[in-house]
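Student: Let me give you the structure first, and then I'll get to my questions.
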Amino acid sequence: MTELEKMPDRPRPSQVVIVDDDDAVRRSLQLLLHWHGYQVRAYAGARAACQSENVEDADWLIADYRLHDGDGLGLLTTLLRRGWRGRALLVTGNPEPDLAARAIQAGFSGLIEKPLHRHELLAALV
């Protein structure tokens with residue numbers, strides 16, 4: 001038996017889907033999470049994410065509240081109706097007074113305000 005065959009199976013890295021229509025935010029999140037060992041797919045809008053087969057296997061969804069073709073609440077509602085069972089974080093640069101409560105009610109694990117801080121985001125993905 002070779003050394004490679006003796007190695008125990010390593011757990012599969014968590015798969016994260018990012019949906020944000022801000023290119024800079026989307027790309028920086030993608031790079032940060034990839035660097036921390038996550039498998040990341042990123043989309044500029046809700047429609048593109050919903051049309052992708054990669055979303056079905058994701059462990060996490062990180063969705064911006066305001067998207068050019070909808071919002072993060074509607075996106076999660078659609079995914080849950082399709083049977084997706086991952087966990088989700090909503091991010092926003094424009095928090096509304098009742099948004100955190102609406103996000104939790106929709107099925108999000110939490111809400112993080114922009115600008116995002118690395119430690120806060122990584123802690124939320126545990």
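Student: Suppose we filter the range 33-56 for residues that are buried (at least 21 other Cβ atoms within 10 Å of the Cβ) and touching a Leu at 6+ places or on another chain (Cβ under 9 Å); how many remain? Steps first, answer last, please.
Tutor: Residues of the range 33-56 buried (at least 21 other Cβ atoms within 10 Å of the Cβ): 33, 40, 42-43, 46, 49, 55.
Narrowing further to those that are touching a Leu at 6+ places or on another chain (Cβ under 9 Å): 33, 40, 42, 46, 49, 55.
Count: 6.
Student: Keeping to the range 94-117, report how many residues are surrounded by 13 or more Cβ atoms within 10 Å (Cβ to Cβ), modelled with pLDDT of 95 or more and not in a strand (DSSP E or B). Explain how you work it out, then say what you get.
Tutor: To start, the set of residues in the range 94-117 that are surrounded by 13 or more Cβ atoms within 10 Å (Cβ to Cβ) comprises 95, 99-100, 102-104, 106-114, 116.
Adding the requirement that they be modelled with pLDDT of 95 or more leaves 99-100, 102-104, 106-114, 116.
Then keep just the ones that are not in a strand (DSSP E or B); that gives 99-100, 102-104, 106-109, 114, 116.
Looking only at that region, the number is 11.
Student: Could you give every pair whose Cβ atoms fall below 8 Å, whose first residue belongs to the range 38-59 and is under 15 Å from ALA88 (Cα atoms) and among the small types (Gly, Ala, Ser), and whose second residue is part of a loop (DSSP other than H, G, I, E, B) and modelled with pLDDT of 95 or more, counting only separations of at least 6 or pairs across chains?
Tutor: Matching pairs, first to second residue: ALA42/ASP20; ALA46/ASP69; ALA58/TRP84; ALA58/GLY86.
Student: Considering only residues that are of a type in the set (A, V, I, L, M, F, W, C) and closer than 16 Å to CYS50 by Cα, which ones fall in the range 71-126?
Tutor: If the condition is that a residue be of a type in the set (A, V, I, L, M, F, W, C) and closer than 16 Å to CYS50 by Cα, then LEU73, LEU75, LEU76, LEU79, LEU80, TRP84, ALA88 are the ones that fit.
Student: A further question on this structure: For the range 74-117, what are the residues that are of a type in the set (Val, Ile, Thr) and touching a residue at least 24 places away in the same chain (Cβ under 8 Å)? Steps first, answer last, please.
Tutor: In the first step, residues of the range 74-117 are kept if they are of a type in the set (Val, Ile, Thr); the result is 77-78, 91-92, 104, 112.
Of everything in the range 74-117, those that are of a type in the set (Val, Ile, Thr) and touching a residue at least 24 places away in the same chain (Cβ under 8 Å) turn out to be THR77, THR78, VAL91, THR92.
Student: Would you mind stating whether GLY74 is outside any helix (DSSP H, G or I) and at pLDDT 95 or above? Outline the logic, then answer.
Tutor: Details: outside any helix (DSSP H, G or I): no; at pLDDT 95 or above: yes.
So GLY74 does not fit the description; no.
Student: Of (1) surrounded by fewer than 15 Cβ atoms within 10 Å (Cβ to Cβ); (2) touching a strand residue (DSSP E or B) at 6+ places or on another chain (Cβ under 8 Å); (3) in a helix (DSSP H, G or I), LEU121 satisfies all except one. Which?
Tutor: Of (1) surrounded by fewer than 15 Cβ atoms within 10 Å (Cβ to Cβ); (2) touching a strand residue (DSSP E or B) at 6+ places or on another chain (Cβ under 8 Å); (3) in a helix (DSSP H, G or I), only one is false for LEU121: (1).
Student: Test ARG47 against the criterion of being within 14 Å of LEU116 (Cβ to Cβ) and in a helix (DSSP H, G or I), and give yes or no.
Tutor: On the way: within 14 Å of LEU116 (Cβ to Cβ): no; in a helix (DSSP H, G or I): yes.
Criteria not met by ARG47.
The values are calculated or read from the model by the stated rules, or taken from the named source; none is laboratory data. All figures in this text were calculated on a predicted structure; none of them were measured in a lab. Positions of Cβ are backbone-derived with ideal geometry, glycine not excepted, and every protein chain shown enters the neighbour counts.
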